[in-house]
Amino acid sequence: MADRVTVIGWDGSPLTAAARAALGAATLVAGAAHHLALPEVPRGAERIRLGSVALAARRIAAHRGTAVVFADGDPGFFGVVRTLRAPEFGLEVEVVPAVSSVATAFARAGMPWDDAHVVVAHPRTLRRAVNVCRAHTKVAVLTSPGAGPAELGLLLEGVHRTFVICEELGTDREQVSVVTSDRAADHTWRDPNVVIVIGGPVGAAEGGGWIAGRDPATGPRGWTLPGSTYGALGEGENDLLRAAQLARTGPRTGDLVWDIGCGGGAFAVEAARAGAAVIAVDRDMEACARTDAAARRLGVQLQIVHGTAPHVLENLPEPDVVRVGGGGAAVVSAVADRRPQRIVTHAGTRDAAELVGRDLTEHGYDVECALLQSVELDTRAWTETERSVAFLLSGVLPLREG
């Protein structure tokens, strides 16, 4: 095992005295090409071009001597420190910090970033990173080869965003470009880069925020809001059924939710309030307008698609969670063909519920069904004002849980 491992953050500034001392004693240095080219790297030291951090950690663990690992930006912020400290390598590290590339990118853009989400995009997590960009107004994306500005722009089709693309921060090749998301695929971008994705109103909360990222307490209090918040709601949008649908689907940050037959927008807005990206679909233009108004009023981001399911669904990006509020068994079947993790819908009769349930089972979903009945009372006279009954159906793909 290496006698000592020092991780040096590098942001383009001159090396500190602590970094120079650690580097001067190094018998092994790992880093990117521009790190290994620094004049302070000892000539006799073994050099490792840093690609896979895990592979480098194994070589460092087997090395007898003093090791230095370079990392761009802050190595403790989505950086190499986590991998090097993993139990399987047994490495104890000292860290010489630097300004994170995210902080530098926002400084170059002249914008505050305490209200930003920060995500990492590589080919395995690219879709979830894009969903965060759909759902939130200010996101910093730490990119990787194959999951960079061009790929982000392509997957954001239909959603307008502004990209601030910061290439090779801290080097003499540093460049900052501002483009719209639909133009990002027209260029070839240099690695490494950070993309700031902006859409909708931007800025810190009035008087300054108190928590980094999106304030979870913004907006009215309540997991589901009273129907009166949305005005006139249609069949299948009552408070109890909507709360049960949200409980069964569990929308969360990084998910893409389809709300098919969005009606007054209640489910779509509340899924967005939970942090998910939402595409709300309805064949009624007035329903689309009501949903858009509700989203604006409650300060959430939605993509609204006017059209008739199932045909309008063909070109939409892959969902994680789907609520089918209208269209019946044919739409549920078409949704199941796309294999979202969870599907929820409702039926007015047992026969209709059985038809949908059998189809979901044939598609490989674990199906649950419950009969929900709600009775609203006027508490001034304790008399019944409204009664509703619905069969709630949900399907879960077992292999995609977690």
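The values are calculated or read from the model by the stated rules, or taken from the named source; none is laboratory data. None of these values were measured; they are calculated from a predicted model. Methodologically, a virtual Cβ is constructed for each residue, glycine included, from the backbone with ideal geometry; neighbour enumeration extends over all protein chains shown. For the accessible areas, the whole protein counts, side chains as well, though only heavy atoms, and no ligand, DNA or RNA atoms are used. Shrake-Rupley method; radii C 1.70, N 1.55, O 1.52, S 1.80 Å.
Overview of values
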read-out	value
Peptides 327-338, 268-279 ordered by average Cβ neighbours within 10 Å, highest first	268-279, 327-338
Nonlocal amide H pairs with Ile8, under 5 Å, H built at 1.01 Å	Val69, Phe70, Ala71, Val96
Top positive-direction residue, dipole computed over the stretch 142-200 with Cβ charges, set Ala185, Ile198, Pro149	Ile198
Amide H within-cut-off set for Phe78, under 5 Å, with H built and near neighbours excluded	none
Rounded to 10°, Cα long-axis angle of helix 126-135 versus longest principal axis of the chain	60 degrees
Residue with peak Gaussian network fluctuation, the chain [Cα springs, cutoff 10 Å], from His160, His306, His34	His34
Using a Förster distance of 56 Å, the FRET efficiency for Arg296-Glu46 (Cβ separation, nearest 0.05)	0.45
Shape call, the stretch 80-147: gyration tensor on alpha carbons, a/c limit 1.5	oblate
Nearest 10 degrees, 0 to 90: helix 350-362 Cα axis against the chain principal axis	30 degrees
Kirkwood hydrodynamic radius of the stretch 268-402, Cα pairs, Å	16.4 Å
In nm, spacing of pseudo-spin labels at Ala33 and Ser228 (7 Å Cα→C-beta vector)	6.6 nm
Rounded to whole Å, sorted largest first: equivalent-ellipsoid semi-axes of the chain, Cα gyration tensor	49, 23, 19
Per-residue [θ]222 nm for the chain (sum of -39500 (n - 2.57) over DSSP H runs n ≥ 4, rounded to 500)	-7500 deg cm²/dmol
On Cα atoms only, tilt of 285-298 relative to the major axis of the chain in degrees	50 degrees
Peptides 364-377, 8-21 ordered by average Cβ neighbours within 10 Å, highest first	8-21, 364-377
Among Leu302, Leu23, Leu360: highest mean-square fluctuation, GNM of the chain, C-alpha pairs under 10 Å	Leu23
Relative contact order of the stretch 129-184, defined on C-alpha pairs under 8 angstrom at six or more residues apart (%)	32 percent
Normalised contact order of the stretch 267-333, rounded percent, pairs of Cα under 8 Å and 6 or more residues apart	30 percent
Vicinal HN-Hα couplings computed from phi for the stretch 46-55 (Karplus, 6.51 cos²θ - 1.76 cosθ + 1.60; Hz; Gly/Pro x)	5, 10, 10, 6, 7, x, 7, 5, 5, 5
Glu151, Glu314, Glu386, reordered so the largest accessible area comes first (probe 1.4 Å)	Glu314, Glu386, Glu151
Rotationally averaged projected area of the stretch 297-368 (alpha carbon convex hull; nm²)	5.8 nm²
Phi to ³J(HN,Hα) by Karplus 6.51 cos²θ - 1.76 cosθ + 1.60 over the stretch 332-347, Hz, x for Gly, Pro	4, 5, 5, 5, 4, 4, 8, 6, x, 5, 9, 10, 9, 8, 9, 9
Length-normalised contact order of the stretch 10-59 in % [C-alpha pairs under 8 Å, at least 6 apart]	32 percent
